[in-house]
Each structure stands twice: as structure tokens, then as C-alpha cells.
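Just dropping this structure here.
The values are calculated or read from the model by the stated rules, or taken from the named source; none is laboratory data. Bear in mind that the values here come from a model prediction, so they are computed numbers and not experimental data. Don't worry about glycine lacking a Cβ; one is built from the backbone with ideal geometry, like all the others, and counts go over all protein chains shown.
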Amino acid sequence: MHKSIRCTLGACVVAALSVPSMAAAMDAGQSSASSQENSATNIRMNAMQQQIDALQKQLDAMRAAQAASNLAANKTPLSSAPVTARDAAKTSVAKVKPKQQAEKSDEGIHIGGAMRFQYSYEDYNRGNVQRKGDADFDIFRLNMRGKVDDIELQAEWRWFQYMSAIKFAWLGYDFSKTSQLQVGITRIPFGNQPYDSHSYFFSSNYYLGLEDTYHAGAEYVYAGDPWNVQLAFFKNDAMGGVDGYVSNRSNSYSYNVVGVRQPGDGIFDNPSHPIGSANTSAARVAYTFKPGDVKLELGASALYGSLESPAASVGNYHAYALHMNADYKRWNVQAQASRYHYQVDGGADRLAVGAYAFYDSIPARADTYTFNVKYHQPVQWGPIHSLDFYNDYSLVTHKSGLLPSTFMNDLGVGVSAGDLYTYFDFLTARNQPFVGGSMAGDGAVEHRVNVNFGFYF
């Protein structure tokens, strides 16, 4: 079509251009024509010239349009290769709304996990000192997370050399961008979240069931700005409660109350009078201030539940806390004050708890205090890209039965190198689990050097 148009216009141009030549010949042969005829000829020639100019402009415009069309065709990359769905998505990404794009990327279940090893030197263990420490396999874990339609899934299972245990497993539904309902094995909303510590060993609250503890129930989370509100109800612990279908109630990630200690019972004995927590209500409310470069969260937490034997209710328990979590540039500071009380019918100064494949004892009542500081330092040392320097301090005091206080100080650094993260911890503690003591013990001040490194995927 473009070719035929060009030919027609060319013929017109040739015909138009021949007119002046013919007119000149006529003027040469008829020199005697009157001036009036010459004037008329000039007028006709001017009119024809204007027509020629107009036709030339049209021709130039058509040639420019044809050239632009050819250029656009030549810009198509890899025109001989088929366009894949991934390529099509790249070219149309600007047309997709941000919310729709985020929802698409969350679809499906994603698998992750970690594998960790550790070295420990324990001055309270004579054999360990003689061997100059021990190296052990720590943990292999798998995580699942994702969303199918409007339902979110989060789960984590852990394998140790001596046991395997579930940490959490829940299904979630988002009512909005800031509110969610979680059902399953979820974290008890209590104290600084997600952890009241920076080190590998948590704070002393963890060994009392007051930090990173998971029970079976339902939890509502409102994560707005500046308010954060969490309300939860838990039927029992993650092991199924006092009569759960488990062979060993100590094969647990979380520290759970599993029995009442009678006078004469050993600190690490199997519980002779089993009990479990049930029907626990918990609430956590926090408000975040943001003056300048400071981000300061202040909050309060409380929980209340019953204590059940296999046959009847045997008491109740409660706990509450005030907590603070502050960020200033590369600094983080945490502080928390807590109190808990297990009130068993007939009275009891000690309770049995179970976790990590062994039983231990805790006071039935105590006050706890934590104060933690961390400094984050970016670096460029080969694969190492950041260092986290921290000092975590815990104190457990005013224990029932006049039991001696517990303290733990953890001075350490976390080293991040790609997918590897390593904790270097130096612990000084008294009556602290995993540092040569027990919450219900009366021991000396002990020390432990610990290096835990893991690959995360």
C-alpha cells in the first residue's frame, strides 16, 4: 500500500515539474505575446509551485512515518525467540498494582531452615575442662511459611541429637493490613517481643516460661502504629496439657510446668505429681514513640490461667510485666520487670518444668528483671558484613521458699557472614540452667564460653 502511494505521488510531482519547462518553451517561441499573457503565466506558475511544495511536504511526512515504523520493529529484542510468561510479566509489571503483586509473591508454601553446631568450655564440668571443651551438633530445623488463598501458614520443627520437637505451628487470617487472627501453637504475648534478649541463651525468663513460649490456642494481633495489641486464649501447652498424647513431656522447645515438687523431691527428678496449665488468657499492649532518631516502645503484659491435674483443678497462676524496647541509630536497649506466681492448692514452693529432654525445678513465685544492650556495627571484612556486640543481664529474686537468687550475665558478639551467623558468648551466672545450675538450686558462680554457628537457608 505504501509503495502504490509513493508511485502516484511521484507521477504527480513529475507532471507538475514539467509544466514550467513547457511554459518556458512557449515564451521563447512567442516573444510577441502581450504582457498580459506573461502576467497570467506567472500567476499559474506560482500556483503550481505551491502545489508542488504541498505535495513534497506530504511525501516527507509519509517517509518519516515509514521510517519510525521500521525503527520500532527493529527494537524488539530477540524477535526470533518465543516470549515466555516470565518475560511477559517483566514487561507488564508497571501495570500491576503493588498490593496485587505482593499477594502474588506470597502465594504458596516456602521452605527454609537452619543447621547449627557449637563449641562449649564449661568451668563447672571437670571432664569438659580436661578435654579443653567439647564440640557438638546442635540442631537441624525446618520452617514452613506462606499463604494459600487468604490463609497464612507458619510452622517450625526442630531436630536435636536427643529429641525432636515442634516450636510453633499456626494458621492465620488477615482481617486487614494491621490485624490478624492466629490459631494453633502460637507465642504467648508476654514481655518484649520477639525476644527479651540478644544472645543465644535468651534471658532467665525463658527458663521460667516467660520468653518465647508457645502454647495451643488462638491469638488476635493488632500491629498498628503506634499501638500494638495482642489478645490470646490458650487451652493448654504445646504438648497437649497434663494428659497430652506424648511419651515424654520434657521433649519440648518451651519450658512448661509439668508437676508439683514435694519436700524431698530432687531438683531433676521426674514429676511424681503431674499438673499442667490450662485455659490461659493473655494480653499485651504496647505503644511506640518516635521522637527524632529514637524509637521507644513501652508496654505491659499480663496472663492468668488454671492449673490442672489429670483429674481436677489444683490451682491457678498469673504473671505480669512492664517492658521497654528502644532503638537509637545502631543501639538497642531492652528492660523488663516481671512477677509470676503459681498458686497450688495445699501450697508448694517448687514446681517441676520440662524442656530439652530433661526435668528441672523452678520457684513457685519470683520477681525477674532484665536489662540488655546491643550495638550493631556494619563491616566489610571479606564475607563478614556485620557485628552485633551485646551484654544481656538477668536477675531472678524474691523466690518462694527462700530459694537463693539467680543471675546471668552474657557478654557476646554475633557475627554475620552471608547465610552464616555465629554467636560468641561468655557467660557468668549463678543458679542458672545450662550454666551449671538450676532456678531452684543453691550453687556457686559459674562460667561458660560458648560458640554457636549456624547456616540459615
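Residue check: is V285 modelled with pLDDT of 95 or more and not aromatic (F, W, Y)?
Values: modelled with pLDDT of 95 or more: yes; not aromatic (F, W, Y): yes.
It is true that V285 is modelled with pLDDT of 95 or more and not aromatic (F, W, Y).
Being without any contact (Cβ under 8 Å) to a residue 40 or more places away in the chain and closer than 20 Å to T280 by Cβ is the filter here, so list the residues in the stretch 194-208 that pass it. Before you say what the answer is, go through the steps one by one.
The first filter runs over the stretch 194-208 and keeps only residues without any contact (Cβ under 8 Å) to a residue 40 or more places away in the chain, leaving 194-195, 202.
Passing the criteria: only P194.
Only residues that are of a type outside the set (V, I, T) and without any contact (Cβ under 8 Å) to a residue 12 or more places away in the chain: list them for the stretch 118-134, please. Let's see the steps before the verdict.
Step one: filter the stretch 118-134 for residues of a type outside the set (V, I, T), giving 118-128, 130-134.
R126, G127, N128, Q130, R131, K132 - these are the residues of the stretch 118-134 that are of a type outside the set (V, I, T) and without any contact (Cβ under 8 Å) to a residue 12 or more places away in the chain.
Here's something else I'd like to know. Filter the stretch 194-216 down to the residues that are outside any loop (DSSP other than H, G, I, E, B) and crowded, with 22+ Cβ neighbours inside 10 Å and list them by number.
Taking the stretch 194-216 as the starting set, the residues that turn out to be outside any loop (DSSP other than H, G, I, E, B) are 204-208, 214-216.
S204, N205, Y207, L208, Y214, H215, listed by residue number.
For S277, are the conditions met, namely being under 30 Å from V451 (Cα atoms), at pLDDT 95 or above, of a type in the set (S, T, Y) and surrounded by 15 or more Cβ atoms within 10 Å (Cβ to Cβ)? Talk me through it step by step, then tell me what you get.
On the way: under 30 Å from V451 (Cα atoms): no; at pLDDT 95 or above: yes; of a type in the set (S, T, Y): yes; surrounded by 15 or more Cβ atoms within 10 Å (Cβ to Cβ): yes.
In short, no.
To continue, here is another question. Can you name every residue in the stretch 284-301 that is surrounded by fewer than 18 Cβ atoms within 10 Å (Cβ to Cβ) and either within 14 Å of G259 (Cα to Cα) or touching a residue at least 60 places away in the same chain (Cβ under 8 Å) (or both)? Please lay out each step first, then the result.
Of all residues in the stretch 284-301, those surrounded by fewer than 18 Cβ atoms within 10 Å (Cβ to Cβ) come to 285, 287-296, 298, 300.
Selection gives Y287, T288, F289, K290.
Table: residues versus (1) of a type in the set (D, E, K, R); (2) outside the structural domain of V373 (by TED's automatic domain parsing); (3) within 17 Å of G354 (Cα to Cα); (4) touching a residue at least 40 places away in the same chain (Cβ under 8 Å).
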position	(1), (2), (3), (4)
D136	yes, no, no, no
N143	no, no, no, no
D149	yes, no, no, no
A169	no, no, no, no
Q180	no, no, no, yes
I185	no, no, no, yes
N192	no, no, no, yes
L210	no, no, yes, yes
H215	no, no, yes, yes
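Can I ask one more? Could you grab me the full set of residues in the stretch 326-356 that are farther than 17 Å from T213 by Cβ and aliphatic (A, V, I, L, M)?
A326, V333, A335, A337, V344, A348 - these are the residues of the stretch 326-356 that are farther than 17 Å from T213 by Cβ and aliphatic (A, V, I, L, M).
Among the numbered criteria (1) exposed (fewer than 15 other Cβ atoms within 10 Å of the Cβ); (2) assigned to a strand (DSSP E or B), which single criterion is violated by F389?
Every condition holds for F389 apart from (1).
For the stretch 114-163, how many residues meet the condition of being over 24 Å from the mean Cα position of the chain (by Cα) and assigned to a strand (DSSP E or B)?
Residues in the stretch 114-163 being over 24 Å from the mean Cα position of the chain (by Cα) and assigned to a strand (DSSP E or B): 9 in total.
Now, a different point. Name the residue that is nearest to S361 (Cα to Cα), counting only residues in the stretch 260-318 that are of a type in the set (A, V, I, L, M, F, W, C) and in contact with a His (Cβ under 7 Å, 6 or more places away or on another chain). Spell out the reasoning first.
Going through the stretch 260-318, the residues of a type in the set (A, V, I, L, M, F, W, C) turn out to be 260, 267-268, 275, 278, 282-283, 285-286, 289, 294, 296, 298, 300, 302-303, 307, 311-312, 314.
Keeping just the survivors that are in contact with a His (Cβ under 7 Å, 6 or more places away or on another chain) gives 260, 303.
On the way: V260: 9, L303: 21 Å.
Applying the filter and picking the extreme gives V260.
List pairs: first residue in the stretch 237-258 and in the same structural domain as E211 (by TED's automatic domain parsing), second residue modelled with pLDDT under 95 anywhere in the structure, Cβ distance under 6 angstrom, at least six positions apart or on different chains.
Every condition considered, the pairs that remain are M239/V246.
Need at least 1 residues that are in contact with a helix residue (DSSP H, G or I) (Cβ under 9 Å, 6 or more places away or on another chain) and closer than 17 Å to A440 by Cβ per element, so show me which strands (runs of 3 or more DSSP E) inside the stretch 245-352 make the cut, counting only ones lying wholly within it.
Details: elements: 256-260, 276-289, 294-308, 313-328, 331-344.
Once the strands (runs of 3 or more DSSP E) in the stretch 245-352 are filtered for at least 1 residues that are in contact with a helix residue (DSSP H, G or I) (Cβ under 9 Å, 6 or more places away or on another chain) and closer than 17 Å to A440 by Cβ, what remains is 256-260, 331-344.
I've got another one for you. Of everything in the stretch 168-193, what is outside any loop (DSSP other than H, G, I, E, B) and over 14 Å from F234 (Cα atoms)? Give them in sequence order.
First, the residues of the stretch 168-193 that are outside any loop (DSSP other than H, G, I, E, B): 168-174, 179-187.
Across the stretch 168-193, the qualifying residues are L171, G172, Y173, D174, S179, Q180.
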